[in-house]
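Notes follow once the structure below has been shown.
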Amino acid sequence: MTDAEKKALEKFMTGLKKRNPHEEEFHQAVEEVVASILPWYLQHDDYCKAQILERVTEPDRIISFRVTWETDNEEIRANRAWRVQFNHALGPYKGGLRFHPSVTQSVLKFLGFEQIFKNSLTGLPMGGAKGGSNFNPKGKSQSEVMRFCQSMMTELHRHIGEDIDVPAGDIGVGGREVSYLFGQYMRLENRWSGVLTGKGQSFGGSAVRTEATGWGAVYFLEHMLKQHDEELEGKRVAISGAGNVAFYAADKLLEEGAKVVTLSDSKGFIHVKDGLSRDQWQELYQIKEVQRRTLADFQSEGVEYHEGQRPWGVPCEIAMPCATQNELDDVDAGDLVKNGVIAVCEGANMPTTIGAIRIFKENRILHAPGKASNAGGVAVSGLEQSQNALRISWSREEVDRRLRDIMKNIHRRCVEESTHNGYTNYIDGSNLAGFKKVAEAMLAYGAV
Ligand code: NDP
């Protein structure tokens, strides 16, 4: 960046922070995108005059509401919930719902903002949105979760629709929650439509949606390695998280002959020195995804449990952060580099801090940002919308083939946008490729 570009970035960020005080996660996500695109943007007078950057960082609207529900003991509880409809230049709003105590308006704004460019990268007609609540599903009974979902949809249904806004799952919102939400939507609207994705396969869900984010991230990783004359087979991969994305990333890595050496949850991580076996994967899946317990409950020979720690100190060639935002900081990045990491492929959204990104870049580590590498989830959600609209369902093989194609194309676009001296900067590449399409559409629409 030239001095003038640095100055322009600082000026833009000062204004954004003033307009959006106390929203650190949102500031971080915007800064990462703007730092990538600014040199290109400043050379385009028409975009600058149309204030595309100012407009694309302001959500179209934020719906904020209270969700009141009753516990099994007949006590009343009230949670906060939001839907951030960020930008629909490229298609109906699309993005998941997150249920977690850490959810705030800032977290959902950062996720909604990222979603705009991720969805653009998929090449499918989808705008960007995100929603959720500070409701904690952990420790709640099945009926409490159902009552919460029904109450949430009682408000949300007014604002969504198959051509308006199509939510899906995210942290704390899996198949069970999507089904409760969908059931309540149908009760209120008295019609079946593809208004949510991630549905059960017997009622309109797509094959491979459950696996899509983790599998897609591994497809992206394989392209990234191949592009730089490396291969996945035999490599040690440290994964964080033990949820949907982490499990299906591990699943595909096992299939491709890599060694999965860690998984983590909010309480600690497991280190499997010789690499996870298929049987161990199955057992862990039961513990975490079916019984909703902790990794501490998993005991097996050759497996160490580290309470309260993150997995980034474990020697590995590849790191896949698949848990949550800002879970890998500059100290972790330094440890990974010291231990010989060659690639970082994000399954989660914004899992690396700005300091960690800088360290990876300085050391020419291949680093795929979530908006590129985890786009497989929303891509298959987009395919679910298409299947619902056509009233057909494609086979597992067909959806997987389309997913592979989409990940390959996203990789190609990143390489085309930002490869210099044989090294691809995937962060700049994905931001530029994602942004350009949205900016072009916004310019074409005029002052709206
Ligand atoms: P899940 O809820 O299925 O799993 C999340 C995992 O991360 C759990 O193991 C959880 O631990 C752990 N975790 C959550 N918060 C923290 C925290 N603050 N510190 C440490 N560990 C934490 O979510 P997903 O797998 O669906 O999502 C993971 C990430 O991937 C998120 O960033 C999400 O936005 C992103 N993503 C998900 C997509 C999808 O299709 N599901 C699509 C694209 C992105 P515990 O089990 O103890 O709760």
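The values are calculated or read from the model by the stated rules, or taken from the named source; none is laboratory data. Since this is a predicted model, take the numbers as computed values, not measurements. Here the Cβ positions follow ideal geometry from the backbone for every residue, glycine too, while neighbour counts run over all protein chains shown. Note: areas computed on protein heavy atoms with side chains; ligands, DNA, RNA excluded. Shrake-Rupley method; radii C 1.70, N 1.55, O 1.52, S 1.80 Å.
Answer rounded, prolate or oblate for segment 292-448, using the Cα gyration tensor with square roots of eigenvalues a ≥ b ≥ c: rounded when a/c is under 1.5, else prolate when a/b is larger than b/c, else oblate. Note, shape of segment 292-448 comes out oblate. Taken per residue, the accessible surface of segment 325-448 reaches 40 Å², heavy atoms only and a 1.4 Å probe. A simple rule links phi to the HN-Hα coupling: the Karplus curve 6.51 cos²θ - 1.76 cosθ + 1.60 with θ = phi - 60°, which for segment 442-448 gives 5, 5, 5, 6, x, 7, 10 Hz, with x for Gly and Pro.
Computed in the context of the full set of protein chains, the accessible area of the chain at 1.4 Å probe radius has 47% of its extent on carbon or sulfur. Note on segment 236-364: lysine pairs with Cα distance below 21 Å, sequence gap of 8 or more or different chains, count 9.
Leaving out ligands and nucleic acids, and using a 1.4 Å probe, what accessible area per residue does segment 61-193 come to in Å²? Could the numbers behind the result be given before it?
Working: 4920 Å² over 133 residues.
Per residue, segment 61-193 has an accessible area of 37 Å².
Between residue 423 and residue 201, what length comes free when the chain is fully extended (0.36 nm per residue of separation minus the Cα-Cα distance, one decimal in nm)?
In short, 75.8 nm is gained.
Classify segment 93-219 as rounded, prolate or oblate, taking a ≥ b ≥ c as the square roots of the eigenvalues of its Cα gyration tensor: rounded when a/c is under 1.5, otherwise prolate if a/b is larger than b/c and oblate if not. Because its axes are fairly even, with a/c under 1.5, segment 93-219 counts as rounded. Test of understanding: extend the Cα→C-beta vector of residue 142 to 7 Å, then name every residue of segment 288-316 with backbone N under 17 Å from that spot. Only 289-293 pass the distance filter. For the chain, the dipole from Cβ point charges (+1 on Lys and Arg, -1 on Asp and Glu) about the Cα centre works out to 1020 debye, to the nearest 20.
Scale the Cα Rg of segment 146-194 by the rule-of-thumb value 2.2 N^0.38 Å and send over the ratio, two decimals.
Normalised Cα radius of gyration, segment 146-194: 1.04.
Each part reduced to its alpha carbon centroid, segment 40-58 and segment 383-426 end up 27 Å apart.
Given the Cα-Cα distance of residue 14 and residue 408 and 0.36 nm per residue of separation, how much length would full extension add, in nm? Intermediate values should be presented prior to the final figure.
Numbers: separation 394, 0.36 × 394 = 141.84 nm, distance 3.69 nm.
Net length gain for the segment: 138.2 nm.
Using the charge dipole of segment 115-268 (Lys, Arg: +1 at Cβ; Asp, Glu: -1 at Cβ; taken about the Cα centre), state which of 122, 173, 225 has its Cα farthest towards the positive end. The Cα lying farthest towards the positive end belongs to 173. Here segment 21-58 is scanned for amide nitrogen atoms under 15 Å from the site 7 Å beyond the Cα of residue 448 along Cα-to-Cβ, giving 56. Between segment 117-131 and segment 196-216, what is the C-alpha centre distance in whole Å? Centre-to-centre (Cα) distance: 17 Å. Here's the list of aspartates and glutamates a cross-link from residue 6 could span, going by alpha-carbon distance under 16 Å and ignoring same-chain residues fewer than 8 apart: 31, 32, 428.
Peptides 264-271, 107-114, 85-92, 372-379 ordered by packing proxy, namely the average of other Cβ atoms within 10 Å per residue, highest first: 372-379, 107-114, 85-92, 264-271. Packing here is the average count of other Cβ atoms within 10 Å per residue, and on that basis the peptides 426-435, 25-34, 291-300, highest first, run 426-435, 25-34, 291-300.
When only Cα pairs below 8 angstrom with a gap of at least 6 residues are kept, the chain shows a relative contact order of 15 percent.
With every protein chain in place and a 1.4 angstrom probe, the accessible-area ranking of 154, 14, largest first, reads 14, 154.
Note on the chain: dipole from Cβ charges, positive end direction compared against 110, 89, 201; the farthest Cα belongs to 89.
3J(HN,Hα) along segment 282-290: 4, 5, 5, 4, 4, 4, 8, 8, 9 Hz, from the Karplus curve 6.51 cos²θ - 1.76 cosθ + 1.60 with θ = phi - 60°, whole Hz, x for Gly and Pro. Computed on protein heavy atoms with a 1.4 Å probe, the accessible areas place 44, 157 in the order 44, 157, largest first. For segment 212-373, the fraction of C-alpha pairs farther apart than 28 angstrom is 11 percent.
Apply the a/c threshold of 1.5 to the C-alpha gyration tensor of the chain and tell me whether it is rounded, prolate or oblate.
Working: a/c = 1.43, a/b = 1.02, b/c = 1.41.
Rounded, since a/c falls under 1.5.
In segment 212-373, Cα pairs under 8 Å separated by at least six residues give a relative contact order of 22 percent. Take 58-64, 403-409, 240-246, 127-133 and order them by the average number of nearby Cβ atoms within 10 Å per residue, most first; the result is 127-133, 240-246, 403-409, 58-64.
On a 1.4 Å probe surface of the protein chains, which of 256, 211 comes out largest in accessible area, and what is the full order?
Values: 256 60, 211 25 Å².
The most accessible residue leads, giving 256, 211.
Ignoring lysines fewer than eight residues from residue 11 along the same chain, the ones with Cα atoms less than 18 angstrom from its Cα are 49.
Let's see if you can work this out: charge +1 on each Lys and Arg Cβ, -1 on each Asp and Glu Cβ, no other charges. What is the dipole magnitude of segment 212-373 about its Cα centre, in debye to the nearest 20? Before the final figure, lay out each step's value.
Numbers: 17 positive and 25 negative charges, 66 e Å.
So the dipole magnitude of segment 212-373 works out to roughly 320 debye.
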